[in-house]
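Below is one structure, written out as structure tokens, with a few remarks after it.
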Amino acid sequence: MPARPKTSDAEIIDATRALLEAQGRDGFSMAEIADAVGVRTPSLFSRFASRAALLDRVELALWAALRRELEAAATPSRLIKKPLEGLSAQGRAYRAFAKANPNGYALMFDPRASQTAEGAAVRGAALAPCLPGFVALVGEDKALAAARVLTPFLHGFVSMELSQAFRLGGGIDAAFETGLDAILSGLLTWRRSP
């Protein structure tokens, strides 16, 4: 009978996420991950071909976690009945996720990530919980375009916030709410346009 593994891939990914948040993408080694899960470094390489491969798995786990946060923020029925309210809740959940996982959020958009079909599917699935709201808001034919208007606002805002780029004073929370409301209200007019 083969020996039972001392750790699982999920435990390794969780430990890597913790080190990532504490020390940044380049601030820790495979040896530190191995120490965190109680194994020797070579055993990590039997599961993940390289540090980059492990970080790719962490990135996909972060996208899956974001999906769960967006799903929890607004159910499909809420999005369909009250799309402005549901999409606003999801926008706030997106921001809260980024603020709770700043180094993980940066990893999610790191250009060094592998571009695989699996990764594209996981990234696309992460934002799928928002689509019923966009369909209800602007119609099925304009839903993807509407999502592509809101997403850059969310990403740009939280990226600037995380890098402390808002230095002119004023309420950042109020600015976020104003921007979110302005974009969603503007998108609502798309339903009436040809």
>> Report the Rg/Rh value for the range 78-132, based on alpha-carbon coordinates and the Kirkwood definition of Rh.
In response: 1.05
>> Rounded to the nearest angstrom and ordered from largest down, what semi-axes does the equivalent ellipsoid of the range 82-193 get from its C-alpha gyration tensor (root of 5λ)?
In response: 23, 21, 11
>> If I compute log10 I(q)/I(0) by the Debye sum over Cα atoms at q = 0.10, 0.11, 0.18 Å⁻¹ from the structure I just sent, which labelled value in (1) -0.39, -0.47, -1.19; (2) -0.50, -0.59, -1.18; (3) -0.40, -0.49, -1.36 lines up?
In response: (2)
> When you count, for each residue, the other Cβ atoms within 10 Å and take the mean per peptide, how do 130-140, 114-124, 147-157, 165-175 rank with the highest first?
Replying inline: 130-140, 147-157, 114-124, 165-175
>> Once R0 is set to 25 Å, what does the formula 1/(1 + (r/R0)^6) return for the Cβ-Cβ distance between Met160 and Glu21, expressed as a FRET efficiency to the nearest 0.05?
In response: 0.80
> When the distances between all Cα atoms of the range 18-133 are binned every 10 Å from zero, what whole-number percent does each bin get?
Replying inline: 14, 37, 30, 14, 5, 0
> With axes computed from alpha carbons, what is the tilt in degrees of helix 172-188 against the longest principal axis of the chain, rounded to the nearest 10 within 0 to 90?
Replying inline: 60 degrees
> Carbon and sulfur atoms: what percent of the 1.4 Å accessible area of the range 66-191 do they account for?
Replying inline: 61 percent
> Using 0.36 nm per residue, how much length does the chain from Val149 to Ser29 gain when fully extended, once their Cα-Cα distance is taken away?
Replying inline: 39.4 nm
> For the Cα atoms of the chain, what angle does the longest principal axis make with the long axis of helix 117-127, in degrees from 0 to 90, nearest 10?
Replying inline: 50 degrees
>> I'd like to compare 87-93, 48-54, 104-110: which one has the highest average count of other Cβ atoms within 10 Å, and what's the full order after that?
In response: 87-93, 104-110, 48-54
> Once both labels are modelled 7 Å past Cα along the beta-carbon direction, what's the Arg112-Thr178 spacing in nm?
Replying inline: 3.8 nm
> Which length gain, in nm to one decimal place, applies between Ala53 and Ala100 when the Cα-Cα distance is subtracted from 0.36 nm times their residue separation?
Replying inline: 14.6 nm
>> List the aspartates and glutamates whose Cα sits under 19 Å from the Cα of Lys6, skipping any in the same chain fewer than 8 residues away.
In response: Asp14, Glu32, Asp35
>> To test your reading of the geometry: what angle, between 0 and 90 degrees and rounded to tens, separates the Cα axis of helix 9-23 from the longest principal axis of the chain?
In response: 70 degrees
> Between Leu70, Leu55, Leu162, which gets the highest mean-square fluctuation from a Gaussian network model of the chain, Cα cutoff 10 Å?
Replying inline: Leu162
> Around Phe97, with a cut-off of 15 angstrom between Cβ atoms, what is the net charge of the other residues, counting Lys and Arg +1 and Asp and Glu -1?
Replying inline: +2
> Averaged per residue, what accessible area in Å² does the chain show with a 1.4 Å probe, protein chains only?
Replying inline: 54 Å²
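The values are calculated or read from the model by the stated rules, or taken from the named source; none is laboratory data. Just so we're clear, the structure is a prediction, and the values are computed from it rather than from any experiment. Note that each Cβ is placed from the backbone with ideal geometry, even for glycine, and that neighbours are counted across all protein chains shown. For accessibility, only protein heavy atoms count, side chains too; no ligands or nucleic acids. Shrake-Rupley method; radii C 1.70, N 1.55, O 1.52, S 1.80 Å.
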